[in-house]
Amino acid sequence: MADGEDHTDFEVVPGTPAPGPPPRPLDAIDRDILRILQTDGRASIRSVAERVHVSRANAYARINRLIEDGVIRGFSARVNHERAGHGASAYITLKIVQNSWRTVREQLQELPGAAHIALVSGDFDVLLLVHTPDNRTLRELVLTKLQSIPEVLSTRTLLVFEETDLDPDRSRR
């Protein structure tokens, strides 16, 4: 954001479900605001308002409503993990003890380099994305940390050779 623009700090706790009533339906302006913020999470209220053709107060209220409704879960930077010193990335599939998801999730969240955790259906139960400095660290994470979690029955590691962040605008094409 450039100096002189509106700066607003939003308090968002990642992964926290939105309390209260179900979210309101999104209109075209809400969807445009989401697209703008997905492309540039640092966009100022003024810039968002100008781009969607509403007042700053309206843009501010809409963004706050999207946060309160749990549509916007937070703001973050897209990181080039290799340039940030994490040259090894992997998706790790886990089979876990039935009904142990919450316990396992808490332990996975504490792992260094854990970037994404999903409970899934199919041949395994959990999909974990990790970024580590190198293969040795990845090996230690899998063999020492993951496999020492009592509820983890088995793991399978899929090395990531290359990754590409998708452009949020691609769905509009």
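Summary table below
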read-out	value
Residue check, R156 modelled with pLDDT under 95, over 16 Å from the mean Cα position of the chain (by Cα), open to solvent by 90 Å² or more (accessible area, probe 1.4 Å) and charged (D, E, K, R)	no
Any hit, the stretch 67-80, residues being at pLDDT 95 or above and assigned to a loop (DSSP other than H, G, I, E, B)	no
Matching option when the condition is without any contact (Cβ under 8 Å) to a residue 40 or more places away in the chain and β-branched (V, I, T), among T157, T132, T164, T137	T164
Checking R35 against (1) out of contact with any Lys or Arg (no Cβ under 9 Å at 6 or more places or on another chain); (2) closer than 27 Å to E162 by Cβ, the condition it does not meet	(1)
Selection count, the stretch 140-154, where residues are hydroxyl-bearing (S, T, Y) and either without any contact (Cβ under 8 Å) to a residue 24 or more places away in the chain or closer than 29 Å to G41 by Cβ (or both)	2
Subset of the stretch 57-112 that is among the aliphatic types (A, V, I, L, M) and exposed (fewer than 15 other Cβ atoms within 10 Å of the Cβ) - its residue that is nearest to I29 (Cα to Cα)	A61
Qualifying positions in the stretch 125-148 - open to solvent by 60 Å² or more (accessible area, probe 1.4 Å) and farther than 22 Å from E82 by Cα	L143, T144, K145, Q147, S148
Leading residue by the ranking (modelled with the lowest pLDDT) among those in the stretch 9-54 that are hydroxyl-bearing (S, T, Y) and surrounded by 11 or more Cβ atoms within 10 Å (Cβ to Cβ)	T39
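The values are calculated or read from the model by the stated rules, or taken from the named source; none is laboratory data. What you see is a predicted model; the values in this text were computed from it and never measured. Every residue, glycine as well, gets a Cβ built from its backbone with ideal geometry; the counts of neighbours run over all protein chains shown. Heads up: the accessible areas ignore ligands, DNA and RNA and are worked out on the full protein's heavy atoms, side chains in. Shrake-Rupley method; radii C 1.70, N 1.55, O 1.52, S 1.80 Å.
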